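J.: Let me begin by handing over the structure; questions about it come next.
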Amino acid sequence: MFALVGCNCFYVSCELVFNSLLEGKPVVVLSNNDGCIVARSPE
């Protein structure tokens, strides 16, 4: 059995749970050291 799960904005969704002021705004989550975008919101 195989499962494919799309988690493109998982980390953004977690951040929105704790910071509701970002709701409806474009949000990206960056990695710690190199500043690469890990996840982005669909906005």
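J.: Could you tell me which of the residues Ser13, Ser41 is polar (S, T, N, Q), in contact with a Cys (Cβ under 6 Å, 6 or more places away or on another chain) and surrounded by 10 or more Cβ atoms within 10 Å (Cβ to Cβ)?
T.: One residue alone meets the criteria, Ser41.
J.: Pairs, please: C-beta under 9 Å, at least 6 apart or cross-chain, first residue of a type in the set (D, E, K, R) and in region 11-23, second assigned to a helix (DSSP H, G or I) and surrounded by 12 or more Cβ atoms within 10 Å (Cβ to Cβ)?
T.: Matching pairs, first to second residue: Glu15/Leu22; Glu23/Leu16.
J.: Continuing with the same structure: Which of the residues spanning region 16-38 are in a loop (DSSP other than H, G, I, E, B) and surrounded by fewer than 14 Cβ atoms within 10 Å (Cβ to Cβ)? Write out each step before concluding.
T.: First pass over region 16-38, keeping only residues in a loop (DSSP other than H, G, I, E, B): 19, 23-27, 31-36.
Those that are in a loop (DSSP other than H, G, I, E, B) and surrounded by fewer than 14 Cβ atoms within 10 Å (Cβ to Cβ): Asn19, Glu23, Gly24, Lys25, Pro26, Ser31, Asn32, Asn33, Asp34, Gly35, Cys36.
None of the figures in this text is laboratory data; all of them are computed from the coordinates on show. Quick caveat: nothing in here was measured; it's all calculated off a predicted structure. Please note: Cβ atoms are built from the backbone with ideal geometry, for glycine as well, and neighbour counts cover all protein chains shown.
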